[in-house]
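First up is the structure itself, then whatever we jot down about it.
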Amino acid sequence: MKAKRISWKEIKRQKFLVICTVCFVIYGIIFYYIPLGGWIMAFQNYKSRDGFFGSEFVGLAKFKFLFSDSTFLRVIRNTLAMGVLNLVSTFFMAILFAILLNEVRLAIGKKFVQTVSYLPHFLSWIIVTGILHDALSSSGIVNELLIKCGILSGPINFFAHKGYFWPIVAFANVWKETGWNAIVYLAAITSIDPSLYEAATIDGAGRWAKIKNITLPGIKPTIMILLIMNIGNVLNAGFEVQYLLGNGLVKSVADTIDIYTLTWGVGQNDYSLGTAAGIFKSVVAIILIVAANQFAKKSGESRLF
Amino acid sequence: MKNSKLQRVLAFVLLAVMVFALAGCNKGKSGDIKEYTMFIAMPGSEINDDNEVAQIIAEKIGGRVKETWLTGQSAAEAVGSIIASNDYPDFIDGGDGMMALYNEGVLVPWDEYLESGKYPNLKEMYSDKEWESFRQADGHIYWANVFQNNYGENRATTHNDEAFWIQVKVLEWAGYPEIHTLDQYFDVLTRYAAEHPTTESGVATIPYTMLCEDWRYFCIENAPEFLDGYPNDGSVIVDKSSGTPTIVDYNTTPTAKKYFAKLNEQYQAGNIDIEFATQTYDQYIAKLSTGAVLGMCDQWWNFAYTINDVFKQQGLDKQGCNYIPLGLTIEEGMENRWHTYGDTLNNSSGVAVTTDCDDPDAAFKFLNDLLDQEIHDLRFWGVKDVDYLVDENGLYYRTEEMRTKAADPAYQASHLCNYSYMPQWLGTSRDGINAMQPTEQASEFLNGLAEPLVKCFQAYGADSYPDFIGSVVEENAPWFPMYSFSNAMTTETPGGVAWTKMGEVKHEWLPKVVMSKNFEETWEQYMSAYNAVNPQDFLNEMQQELDRRAAS
Amino acid sequence: MKRKKVWKTKSSVADKIFVVCNTIFLTAFVVVTLYPVINTVALSFNDGIDAVRGGIHILPRIFTLQNYRTVLHQQNIITGAYISVLRTVIGTILALATNALLAYVVSRKRFIFRSQLSLFWVITMYVNGGMIPTLILYRNMGLTNSFWVYVIPGMIGAFNMLVMRTYMEGLPEGLEESAQIDGAGDFRIFASIISPLCKPVYATVALFVAVGQWNSWFDAMLYNRMASEYTTLQYELMKLLSSVMQQGGSANPGSSTAVAAVTPVTVRAAATVVTMLPIICLYPFLQRYFVTGMTIGSVKE
């Protein structure tokens, strides 16, 4: 069944779908598109007293400020690096976890592991970073283990080295979100026809073969959709983790775009600058997902739109 | 089929909401007592709606305040969103966002109320000259800071300022020596540490640590200002020696270099905590609370409240783990100004009345009445015979049980009500006997000291913490403190931009300078990074403000 | 039953190695994941002043219930709990119904505006107007100082819609065709053919929405700051947590009373546990929908 050409006849025939669409579009315009009018702030020196109509227009001055600041270029690099690292690691771990969990035959064990796995999602970052700080401190468990195993001669201060910062952040994300992210894949696995597994078993396929030939292809559309969606989010590497784990020594690799806007925009009541940074992020996100979507379209995979 | 069931559930829930919403509308107002709302752009704890002291106060002066505190936003952000929602409380303390409220034009000018003579307590808070300093560019006064303001004699018992702190047990072991310079300070610390590698409970001794986290990095950053003998202007030194007051940058003085060279030397010798640059505030406090840290540079309020409680509970106060402040200078024999004896008038924020308040006269009367001695006693001491007792000389005191109770958060919420961001006094009560606030009552203070502290106080002949510092007693300069200006700077001016960037550079480089194997080279790199962000822009704006303040 | 037997008898050496490795991996995973949770629970039962010393791992050192008392004595906690439950229930029902319908519409391959509608929603994921314009919009719509701000604005979300759409697209097309031949309209197909097959994905989205509703506090603060009758549980608990997340500030004391009000780490832990409990209870309830092949297996094309 292919989509037909748009014509009055077709619209009439798909009346129900069209009416729904109109409602959804009206809703979307009100709650998602009208606030975009606020983007005008990026081209103004916005003062709340003067409002959107009275504030002075400054053209591209805010964008110029951003891109002429070497700090901003550095935070873009940091954000991209952490975004990509987080994306890859959390993505990989969630899929791996969902598949492995699906292979557990013991129902109680499966339920237990799954319930446990998503608990850290509910811990706030303050608590997670507090535990991480303890574990990685000079008297913490990680240093202790490494010294006992003879890998290290004395404790190292993990937070003082720039090289460790990105992996620590990625690990923190994996730790907190793997179980939660796996929920979608577990749901997707349920849509796989069990008769496929039965047939494979009869053919003498082992577990690896079944995972490779049945489970993975079964959840591939979900993987693709989420991948494309998340590619658009690489610039949303966040600020809370970096803010809570960072310190003066690693600042040059720890600061993200969000921290930058917080310091330079919100903290100083400069909403225009924050908005300009937001627009930049949106533009990059849209370019990335359009590219990813085109790529998926060409290779015949499921796509977003 | 499923769907109609769903619809029924939905309809039921909607109905429940309607009923609830209607019920919500029926909230009646009680009698003649006026309910004010207030937003304070600082985190704090709410008191209960049925708070007992609030009720007593309400019955006496006909008003009560529902306080809302900052939650999960910065002050500027919170004020920004209040402005956008165009929905103001009756009273507001906008903190860093105060200027935004002023610019918005939603604050009620105080001038005619102050001059009307109807609110004598309010007027009394500041001298005419001090009131002048609150005047904004448009010629009106819109708010009053409520802190650090003494009535009558100053009663400060603690050194609620910055200092180099040292544990009492170290002083006792060294035979209560006189310590005036950094060299002497580190000498005592390291000698003690060499002889006591661990504490009594077996924790490895840390001679010295520093906190570098976020805004609390003043622990490492601003000591050069004090070491040169200047008071806490916060962001700069004001040099009066040439006659005309001049702004001096304390980050680049020879003293600053000497101080960091000393820290570097001590770090290389293994006398400074290796985690100093990366520890969080929680870790820092945890470290101090083991009693293993012999000394650090910090503000009293940043550590003492928590640490003293922990020491007491663990019995570490008996082992002499409490900290004594020292008024160090870079050379022997210099004057110091670590302790501020006068009032610190931070005019950049304070309590204000908004234009959404429907009866400003009543609001100002309420503020005025809060300063009545009877009400003030209720706010800070509590209810007589319940929260404090009065001896035959009229002196207020608390039993140990009362003190414990007053420190209990649940009791604070249900019973005590000090409206902590409303106008208030420090210093001596109008009865001439008591302190305005219990923390400053000398008898209360001395009763709470552990034995090693008492011995130390006697050895040095000190009656209070400030006596250890021995700061010059003098009146504050008219421009003091300059931080009230730099705190309010925004990135709209080149100076504000420089100020933010200077902070970023220092956050990164100061730990590097301390940890460097080659101090001179790293110091040069730091200086060139520092000069690259145009600190002169900042200093020029500070100088302008200084000139303005000195002239008025 | 029969299936299990087949697997058991036919498990090869490779499969055994797999099971062993898998068990080790998942056990390690559980240990690493569970530790922070247990640590939080331990802290929540420990004396606040004692906990400052650090070093608490699996068991509390000085046991107390004081932290829970502090949390539960928080002002407005009952109102907050009531509103939180209400918004979670209403919000989840509304979001599920609307997102499912939207997902159904965009998953119809014959639909003429299919890709345009998808694009329209995908864009919303990556753009936003910022806090201030949104606040002004809600104020003008009368949504501030009201309960509805919790459920109406965030009701339809592109992410949830796309998750459902992907699942629906995976369903056999034959189902819809045969229903159409029987003369069923779109709403009938959606309600009685597609929806019953989508239970696992509905459960997933319901979980996402419910958790989101239950956990959110920022909207309560931003839109109902002064309207304490619409406060939520999370906002009340956030007030306890916020003193540590304070941004900026100055090196100068505002007042001694203000600085002393830093919330102990133990009370933070207790607040976290109070937050987690209801959601933990919800999960096993939804979990039964995540059983392999429950639905599709019964449908033969």
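Sort out for me the Cα centre separation of segment B:478-552 from segment A:200-245, rounded to whole Å. Answer, in whole Å: 49. Using R0 = 22 Å, the C-beta based FRET efficiency linking residue B:403 and residue C:64 works out to 0.65. The separation of segment C:190-207 from segment C:9-40, counted between C-alpha centres, amounts to 31 Å. Using Cα springs under 10 Å in a Gaussian network model of chain A, which residue among A:155, A:120, A:167 shows the largest mean-square fluctuation? With Cα springs under 10 Å in chain A, the top fluctuation among A:155, A:120, A:167 is at A:155.
For a quick check: sort C:281, C:198 by the number of other beta carbons within 10 angstrom, fewest at the front. Present the calculation step by step, with values, prior to reporting the outcome.
Numbers: C:281 9, C:198 23.
Ordered by Cβ neighbours within 10 Å, fewest first: C:281, C:198.
Projecting the Cα atoms of B:543, C:232, A:175 onto the dipole axis of the protein assembly as shown, where Lys and Arg carry +1 and Asp and Glu carry -1 at the beta carbon, places A:175 farthest toward the positive end. On a C-alpha basis, how far is the centre of segment A:124-187 from the centre of segment B:68-98 in Å? Whole number, if you could? So the two Cα centres are separated by 37 Å. Per-residue Cβ neighbour counts within 10 Å put A:250, C:127 in the sequence C:127, A:250, beginning with the fewest.
Between A:62, A:176, A:111, the GNM of chain A built on Cα springs shorter than 10 angstrom shows A:111 fluctuating the most.
Panel order for B:548, C:87, by other beta carbons found within 10 Å of each beta carbon, from fewest to most: B:548, C:87. Compute the angle between helix B:535-551 and the longest alpha-carbon principal axis of chain B, please, reported from 0 to 90 degrees and rounded to the nearest 10. Between helix and principal axis, roughly 70 degrees. Just checking the listed ones, A:55, A:195, A:68: in the Gaussian network model of chain A with Cα springs under 10 Å, the one fluctuating most is A:195.
Determine the dipole magnitude for segment A:1-59: charges of +1 sit on the beta-carbon of Lys and Arg, -1 on that of Asp and Glu, nothing else is charged, the reference point is the Cα centre, and the result goes in debye to the nearest 20. Could you put the intermediate results ahead of the total?
On the way: 9 positive and 3 negative charges, 146 e Å.
Approximately 700 debye in magnitude.
Inter-label distance, residue B:172 to residue B:547: 5.6 nm, where each label sits 7 Å from its Cα along the C-beta direction. Among the listed pairs A:148/B:506; B:60/B:129; A:220/C:199; A:176/B:506; B:169/B:517; A:111/C:16, those with a Cα-Cα distance over 27 Å are A:148/B:506; B:60/B:129; A:176/B:506; B:169/B:517. From helices alone, chain B scores -12500 deg cm²/dmol at 222 nm; the rule is -39500 (n - 2.57) for each run of n ≥ 4 DSSP H residues, then divide by the residue total. The alpha-carbon of residue A:210 sits under 20 angstrom from the alpha-carbons of these aspartates and glutamates, leaving out residues fewer than 8 places away in its chain: A:103, A:193, A:198, C:15. Estimated from helices alone, the mean residue ellipticity of chain A at 222 nm is -20500 deg cm²/dmol (sum of -39500 (n - 2.57) over DSSP H runs with n ≥ 4, per residue). Given the options B:241, B:449, B:78, identify the residue whose Cα lies farthest towards the positive end of the charge dipole of chain B (+1 on Cβ of Lys, Arg; -1 on Cβ of Asp, Glu). Value computed over the given set: B:78.
Put a plus charge on the Cβ of each Lys and Arg, a minus charge on the Cβ of each Asp and Glu, and nothing anywhere else: the dipole of chain A about its Cα centre is then about 1200 debye.
Prolate is the label for segment A:1-59, because the ratio a/c of its alpha-carbon gyration tensor axes (a ≥ b ≥ c) is 1.5 or higher and a/b is greater than b/c.
Against the main long axis of the alpha-carbon atoms of chain B, helix B:182-195 sits at an angle near 80°. Computed about its Cα centre, the charge dipole of segment C:75-242 is approximately 260 debye, with only Lys, Arg, Asp and Glu carrying charge at their Cβ.
So for chain B, taking the charge dipole from beta-carbon charges (+1 Lys/Arg, -1 Asp/Glu), which of B:477, B:306, B:502 sits furthest toward the positive end? Looking along the dipole axis, the top candidate is B:306.
None of the figures in this text is laboratory data; all of them are computed from the coordinates on show. As the structure is a computational prediction, the values presented were derived from the model and not from experiment. Cβ coordinates were reconstructed from backbone atoms using ideal geometry, including for glycine residues, and neighbour counts include every protein chain displayed.
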